[in-house]
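Q: Quick one: structure below, then a few questions.
The values are calculated or read from the model by the stated rules, or taken from the named source; none is laboratory data. As the structure is a computational prediction, the values presented were derived from the model and not from experiment. Note that each Cβ is placed from the backbone with ideal geometry, even for glycine, and that neighbours are counted across all protein chains shown.
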Amino acid sequence: MKSLSKLFLLAALLLIISSMTGCASNFVRPQQDAIVLGKSTIADVEKISGKSSIQPVESTSNGEKIKSTTYFYNESAKFWGLIIPWRSMSYVTHNDVVVGESFNSTMEGESTQFPLEKVSMIVKGKSTKADVIELLGKPSGSYIYPVSKKGNTGIAYLYNYARFAGILTSPNDYRVLVELDSQNVVVDISYKKDGKEQLAQ
């Protein structure tokens with residue numbers, strides 16, 4: 001999960017830079033189940049969304065090489081101090097097969113904001129996937145091995161935003177990664193704000 005957190009943080013930094021430099025191209029978010037973890041390839045993603053204009057980020061997870069490809073689109077904030085409207089979609093691949101995906105948006109009607117105050121209610125070894133979804137809502141991402149440990153799966157909640165403040169922006173990055181065993185019981189959880197862990201380990 002540490003490597004996935006780093007990939008997500010790098011992707012978030014790319015979004016901030018992209019929004020400041022105007023590097024953004026619209027993309028199509030695949031319909032639900034259009035991309036299947038462990039089966040779909042990055043070529044399948046490109047058939048739907050085209051090629052990403054952002055350089056992929058490489059890393060390792062559980063001793064395996066993985067790569068994160070991110071799509072990003074933003075619009076201009078209407079007034080000073082307002083949140084910049086943007087959306088991003090990131091895919092983690094292993095040998096060109098998609099093993100993780102995550103969506104982030106600040107746009108009206110598709111925002112990935114989630115109730116931060118409820119994250120501490122998730123209990124390792126007790127809470128289930130259904131419990132997590134009841135608390136935080138529909139996940140904005142999911143992943144499998146080698147991002148998770150073998151036999152486990154994971155879900156993610158991501159919300160990254162910045163307010164329009166002239167040349168500089170004020171980034172805010174929230175991400176919760178929940179790893180589940182084969183019975184969908186929570187075996188690990190990480191909640192980071194701006195890259196810093198918020199839960200006692």
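Q: Tell me whether the range 86-102 contains one or more residues that are of a type in the set (Phe, Trp, Tyr), more than 13 Å from the chain's Cα centre (by Cα) and closer than 17 Å to Phe27 by Cβ.
A: Going through the range 86-102, the residues of a type in the set (Phe, Trp, Tyr) turn out to be 86, 91.
Restricting the remaining residues to those that are more than 13 Å from the chain's Cα centre (by Cα) gives 86.
Remaining after also requiring closer than 17 Å to Phe27 by Cβ: 86.
Checked the range 86-102: at least one residue is of a type in the set (Phe, Trp, Tyr), more than 13 Å from the chain's Cα centre (by Cα) and closer than 17 Å to Phe27 by Cβ.
Q: Consider the range 1-35. How many of its residues are of a type in the set (A, V, I, L, M), under 18 Å from Gly100 (Cα atoms), modelled with pLDDT under 90 and assigned to a loop (DSSP other than H, G, I, E, B)?
A: 2
Q: Related question: Of all residues being of a type in the set (Gly, Ala, Ser) and surrounded by fewer than 21 Cβ atoms within 10 Å (Cβ to Cβ) in the range 150-171, which is modelled with the highest pLDDT? Just the residue, please.
A: By that ranking, first place goes to Gly151.
Q: Let me ask you something else. Please identify the pairs in which a residue from the range 132-149 that is at pLDDT below 95 has its Cβ atom under 8 Å from the Cβ atom of a residue that is surrounded by 20 or more Cβ atoms within 10 Å (Cβ to Cβ) and part of a helix (DSSP H, G or I), counting only partners at least 6 apart or on another chain.
A: Val147/Leu4
Q: Looking at this structure, is Leu82 modelled with pLDDT of 95 or more and more than 24 Å from Lys51 (Cα to Cα)?
A: no
Q: So is Gly100 within 16 Å of Tyr145 (Cβ to Cβ) and either at pLDDT 95 or above or surrounded by 21 or more Cβ atoms within 10 Å (Cβ to Cβ) (or both) or not?
A: When the stated conditions are applied, Gly100 passes them.
Q: Taking the range 172-201 as the search range and keeping residues that are assigned to a loop (DSSP other than H, G, I, E, B) and among the aliphatic types (A, V, I, L, M), which one is modelled with the lowest pLDDT? Show your work before the answer.
A: So the first thing to find is which residues in the range 172-201 are assigned to a loop (DSSP other than H, G, I, E, B), and the list is 181-184, 194-195, 198-201.
After this cut, where a residue has to be among the aliphatic types (A, V, I, L, M) as well, the list is 199-200.
Details: Leu199: 84, Ala200: 68.
Only one residue tops the list, namely Ala200.
Q: Of the residues in the range 36-52, how many are modelled with pLDDT under 90 and under 15 Å from Ser142 (Cα atoms)?
A: 0
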